[in-house]
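Encoded as structure tokens, the structure appears first; notes follow it.
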Amino acid sequence: MKRRTAILISGRGSNMAALVAAAEAPDFPAAIVAVISNRADAPGLAKAAASGIPTLVIESQPFGRDRAAFEAALQRALEHSKVELICLGGFMRLFTAEFVQRWHGKMLNIHPSLLPSFPGLDPHRQALDAGVKISGATVHFVTPETDAGPIVMQGAVAVADDDTVETLAARTLGVEHRIYPEALRLLAAGQIRLEGDVCRISGAAERDGVLISPRKI
Ligand code: GAR
């Protein structure tokens, strides 16, 4: 049985589109049953609809600071669609600890940095300002702290001296689109074990890939 999965977005939805595309494979262990946006103007909504995925808007703005009321509406929608797993894809709204606890071990997020480095806003600016030579993206379980939680999968990119926020973001996004479907596949297939703050993957192959940056000085 495919695990019923909702994707929550606030904007462009390119990670959502990558997840939807992956889930079209007959052997993918998750089915995307809903794309929910907290903004009516999220461009990702049209992309999801074009792929035949049911979409729903639950505007968060009218709820103001009342996170619990927004989450109650969200939870009703998730239950209505019998959702088992959640993927956040550029969902720009913080959750209460209660909501996070309710979805413990069932809610993934992607962030465009090698966490725990550079959580929060403007991660590419943070990475460039820190002068790191390797950056990347992280899929992790959601915990009450922003961009924290057990790490499921990471992908790395080399950072060049002439990189800008835009070029680094574009290169990182390519990695995001590869690792997010792979992480959802592992979760939906039951290959992930949570040991406290650490996530273990059963059957993960040993990899000897090494990324050295810069290559030539
Ligand atoms: C992605 O780069 C995602 O990693 C980031 O927002 C972008 C959404 O793009 N998420 C965060 O920064 C979370 N803290 P998308 O709407 O095209 O998937």
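The values are calculated or read from the model by the stated rules, or taken from the named source; none is laboratory data. Please read these numbers as outputs of a predicted model, since none were measured by experiment. Quick reminder, even Gly has a Cβ in these numbers, built from the backbone with ideal geometry, and neighbours come from all protein chains shown. Heavy atoms of the whole protein, side chains included, go into the accessibility calculation; ligands, DNA and RNA do not. Shrake-Rupley method; radii C 1.70, N 1.55, O 1.52, S 1.80 Å.
Taking θ = phi - 60°, what integer Hz values does the Karplus form 6.51 cos²θ - 1.76 cosθ + 1.60 yield along region 54-71, in sequence order, with x for Gly and Pro?
Calculated HN-Hα couplings, in order: x, 10, 8, 10, 10, 4, 8, 4, x, 7, x, 8, 7, 4, 4, 5, 4, 5 Hz.
If amide H atoms are built 1.01 Å from N in the plane of the peptide, which residues on other chains or at least 5 residues away come under 5 Å of the amide H of Ser113?
Thr138
To the nearest Å, what is the center-to-center distance of region 76-106 and region 1-44, using C-alpha atoms only?
So the two Cα centres are separated by 13 Å.
Given Cα pairs under 8 Å that are at least 6 residues apart, what percent is the relative contact order of region 119-217?
Numbers: 117 pairs, mean separation 27.0, N = 99.
That works out to 27 percent.
Picking from Gly149, Gly52, Gly136, which is most flexible by a Gaussian network model of the chain using Cα springs under 10 Å?
So, out of Gly149, Gly52, Gly136, the one fluctuating most is Gly52.
log10 I(q)/I(0), Debye, Cα-only region 86-134, no solvent, q = 0.21, 0.31 Å⁻¹?
-0.81, -1.21
Can you compute 3J(HN,Hα) from phi for each residue in region 12-29, using the Karplus curve 6.51 cos²θ - 1.76 cosθ + 1.60 with θ = phi - 60°, rounded to whole Hz and x for Gly and Pro?
After applying 6.51 cos²θ - 1.76 cosθ + 1.60, I find 4, x, 6, 5, 4, 4, 5, 5, 4, 4, 5, 6, 6, 5, x, 8, 6, x Hz.
Expressed in nm to one decimal, what extension gain is obtained for the pair Arg93 and Ala69 from 0.36 nm per residue of sequence separation less their Cα-Cα distance?
Values: separation 24, 0.36 × 24 = 8.64 nm, distance 1.32 nm.
Additional length available on full extension: 7.3 nm.
Relative contact order (percent) for the chain, with alpha-carbon contacts under 8 angstrom and 6 or more residues of separation? Present the calculation step by step, with values, prior to reporting the outcome.
Details: 405 pairs, mean separation 40.7, N = 217.
Relative contact order here is 19 percent.
Between Ala21, Ala48, Ala34, find the one with the highest GNM mean-square fluctuation for the chain; connect C-alpha pairs within less than 10 Å.
Ala21
Expected output is a single nm value to one decimal: the length gained when fully extending between Ala25 and Gln154, i.e. 0.36 nm times separation in residues minus the C-alpha distance. What is it?
On the way: separation 129, 0.36 × 129 = 46.44 nm, distance 2.26 nm.
Fully extending the segment from Ala25 to Gln154 adds 44.2 nm.
So what's the back-of-envelope 222 nm ellipticity for the chain, counting only DSSP H runs of four-plus at -39500 (n - 2.57) apiece and dividing by all residues, rounded to 500?
Numbers: 6 runs with 69 residues, N = 217.
The helix-only estimate for the chain comes to -10000 deg cm²/dmol at 222 nm.
So what is Rg over Rh here for region 47-187, counting just Cα atoms and using Kirkwood for Rh?
Values: Rg = 16.3 Å, Rh = 16.4 Å.
Ratio of gyration radius to Kirkwood radius for region 47-187: 0.99.
Given springs between every Cα pair under 10 Å in a Gaussian network model of the chain, which of Leu168, Leu88, Leu194 has the largest fluctuation?
Leu194
Run the numbers for Leu194 and Ala77: contour at 0.36 nm per residue of separation, minus the present Cα-Cα distance, in nm.
Details: separation 117, 0.36 × 117 = 42.12 nm, distance 2.69 nm.
Working it through step by step, the gained length comes to 39.4 nm.
What FRET efficiency would be calculated for the residue pair Leu56, Ala205, taking the C-beta separation as r and a Förster radius of 22 Å, to the nearest 0.05? Walk me through the numbers before you get to the answer.
Details: r = 38 Å, r/R0 = 1.72.
The calculated FRET efficiency here is 0.05.
For the chain, what is the accessible area per residue in Å², given a 1.4 Å probe and the full set of protein chains? Spell out each step's value before the answer.
Numbers: 11480 Å² over 217 residues.
Normalised by residue count, the accessible surface of the chain is 53 Å².
Students often get this wrong: which residues of region 163-180 have the backbone nitrogen under 19 Å from the point 7 angstrom along Cα-to-C-beta of Lys216?
Inside the label zone: 163.
When DSSP assigns beta bridges and you keep just the ones with both residues in the chain, what percent turn out antiparallel, to the nearest 5? Before the final figure, lay out each step's value.
On the way: 15 of 33 bridges.
Around 45 percent antiparallel, to the nearest 5.
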